[in-house]
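Beneath this line is the structure, given in structure tokens, with notes to follow.
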């Protein structure tokens, strides 16, 4: 079998690229210990209030230390539930000081939702039966839109809220 000069070059480049890719992947996975986020924390989607973090009084922003916050959210039926204000109206706007470390904890009782704070590195898939969590530092001020980036039904486009990071 005779291969043309350019076929040999492309075979060498292709196989070389594959080897380099696998070496980088192996280095990251085995030497650095990089792995996908596991869903270690489960929850009963029919009774999310049984979990301490998702009781109605614990939803929304909770300050745990000087610059540390936990934000508990329930994503369901075209709505993000951050709790209610003092008048009993649902919250659609939350505020966090700049430089704060925030632990986001999100769950869903119904279908798969997305949780994305546009303009930040907060981006999670929210599955029923699991608690998705991500810790991040809010480094820049401004208003950020929280959107569902997984199609969840006909009212998907109505699923949003606002995060304000202030000085």
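Listed from fewest to most Cβ neighbours within 10 Å, the set 31, 104 follows the order 31, 104.
Helical content alone sets the calculated 222 nm signal of the chain at -4500 deg cm²/dmol, taking -39,500 (n - 2.57) per DSSP H segment of four or more residues and averaging over every residue. In plain terms, the residue of 82, 27 with the fewest other Cβ atoms within 10 Å comes first and the most crowded comes last, giving 27, 82. Of all DSSP bridge pairs formed entirely within the chain, close to 70 percent run antiparallel. Let me make sure I get this right: for the stretch 57-126, a, b and c are the square roots of the gyration tensor eigenvalues over alpha carbons, sorted descending. Under 1.5 in a/c it's rounded, otherwise prolate if a/b > b/c, else oblate. Which is it? Judged from the Cα gyration tensor, the stretch 57-126 comes out oblate (a/c at least 1.5, b/c at or above a/b). The relative contact order of the stretch 64-112 comes to 50 percent, based on Cα pairs under 8 Å that sit 6 or more residues apart.
Rounded, prolate or oblate: which one fits the stretch 104-167, using the alpha carbon gyration tensor with axes a ≥ b ≥ c (rounded when a/c is under 1.5, else prolate when a/b beats b/c, else oblate)?
It is oblate, given that a/c is not under 1.5 and a/b is not larger than b/c.
Taking the number of Cβ atoms within 10 Å of each Cβ as an exposure proxy, the fewest-first ranking of 102, 20, 147 is 20, 147, 102.
The candidate values were (i) 9.1; (ii) 15.6; (iii) 11.8; the one computed from these coordinates for mean projected area of the Cα convex hull in nm² carries the label (ii).
Return the FRET efficiency for the residue pair residue 66, residue 145: r is the Cβ-Cβ distance, R0 is 30 Å, and the value is rounded to the nearest 0.05. With R0 = 30 Å, the Cβ-Cβ based efficiency is 0.65.
Sequence-distant contacts, meaning Cα pairs under 8 Å at least 6 residues apart, place the relative contact order of the chain at 20 percent. Pick from 51, 156, 113: which is most flexible by mean-square fluctuation in a GNM of the chain where alpha carbon atoms under 10 Å apart are linked? Greatest mean-square fluctuation among the candidates belongs to 51. Which one, 115, 144, 21, has the greatest fluctuation when you compute a Gaussian network model over the chain with C-alpha springs under 10 angstrom? The residue with the greatest mean-square fluctuation here is 21.
Rounded to the nearest 10 degrees, the angle from helix 5-26 to the longest Cα principal axis of the chain is 40 degrees.
None of the figures in this text is laboratory data; all of them are computed from the coordinates on show. It should be emphasised that the depicted structure is a prediction, and the values quoted were computed from it without experimental measurement. For neighbour counting, all protein chains shown are included, and Cβ atoms are generated from backbone atoms with ideal geometry for every residue, glycine included.
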